[in-house]
Amino acid sequence: MSEEWREQANCRGKDVNMFFIEKGPTAIANMKAVREICNACIIKKQCLDYALDNSIKDGIYGGQAPKERRISKRKREKGMKYV
């Protein structure tokens, strides 16, 4: 699968570490900032599908944390809406 969609990502050029949020006093604020980037992104679904297709366990992809992606993967497998 081509990954040309990445060229259109809102996160392109940003520090990738911000998408791997660590627990601590700034975690909520960091998650909010990342979700704002993802939610405004035109390739959000492609990013999420990439993470689901590749069983990526860490980081934020398509605006979803790992726990949320596990739920989305189950929904997708059942043919339900997951985005």
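Every number here is computed from the coordinates shown, using simple stated rules; none is lab data. It should be emphasised that the depicted structure is a prediction, and the values quoted were computed from it without experimental measurement. For neighbour counting, all protein chains shown are included, and Cβ atoms are generated from backbone atoms with ideal geometry for every residue, glycine included.
Here is how the numbers come out for the structure above:
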read-out: Cα-based Lys proximity count in the chain, under 20 Å, for pairs eight or more positions apart or on separate chains; value: 28
read-out: Whole-Hz couplings from phi, Karplus 6.51/-1.76/1.60, listed for region 69-80; x for Gly and Pro; value: 5, 4, 5, 4, 5, 5, 4, 4, 5, 8, x, 8
read-out: Qualifying GluC sites (Glu not before Pro) in region 1-68, DSSP loop, other Cβ atoms within 10 Å at most 12; value: GLU3, GLU22
read-out: Distance (nanometres) between label positions extended 7 Å along Cα→Cβ at GLU3 and ARG74; value: 2.9
read-out: Surface/4 of the Cα convex hull for the chain, nm²; value: 5.5
